[in-house]
Amino acid sequence: MEPKKGRRDTRQRRVILEALRAGTDHPTAADLYARVRKTLLHISLGTVYRNLEALADAGEIGRVFPATAERRYDGDAREHYHVRCIKCGRLDDVPPGTAGTRLLSFLLKPTGYDIVGVHVGYTGVCPACARARAAAPMKTRTPGRSDEEVT
């Protein structure tokens with residue numbers, strides 16, 4: 001006898017959610033698929049996508065809208081912001097209570113909008129890339145050209 005679809009979906013969803021919340025990174029569906037396949041050998045990438053979207057729709061996880069085309073997911077569904085490294089693409093949480101709340105109140109007055117959500121994203125250079133850049137030979141940027149080493 002075949003297991004009930006609802007039961008299988010519930011187990012898959014639980015394993016996906018546990019894998020997402022096990023770290024503080026903001027993985028793509030493909031990243032989570034690779035993690036979850038260690039536990040659920042026969043799960044498909046489509047099933048991971050569907051379950052992530054269902055979890056996000058239910059408010060159990062967050063969707064991150066980075067500047068890249070690939071959607072990322074966040075195990076922390078509370079309102080918070082993100083910072084993305086422009087060099088390596090690393091994505092981190094911005095601590096609560098920082099810039100962003102002033103922007104919301106600024107928008108409310110002149111626009112008259114009823115704001116139902118905020119997606120604030122910051123960009124910068126992560127500590128690892130900053131260290132690598134500091135250790136690399138000094139480079140200069142000529143407009144219209146690629147980076148060139150200074151000799």
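All of the numbers you see were taken from the coordinates with simple rules; none came from a lab. Note that the structure is a prediction, hence the values are computed from the model and not measured. Every residue, glycine as well, gets a Cβ built from its backbone with ideal geometry; the counts of neighbours run over all protein chains shown.
Points to keep in mind about this one:
- The ranking of K87, K38 by Cβ neighbour count inside 10 Å, starting from the fewest, reads K38, K87.
- Remark on Y81: its backbone amide H falls under 5 Å from those of V94, a criterion applied only to residues 5 or more positions apart or on other chains, H modelled at 1.01 Å from N.
- By other beta-carbon atoms within 10 Å, ranking C129, C88 with the fewest at the front produces C88, C129.
- Fully extending the segment from A132 to E53, taken as 0.36 nm per residue of separation minus the present Cα-Cα distance, adds 24.8 nm.
- Taking amide hydrogens as placed 1.01 Å from N in the peptide plane, the amide H of V64 sits under 5 Å from those of R72, Y73, D74, each at least 5 positions away in sequence or on another chain.
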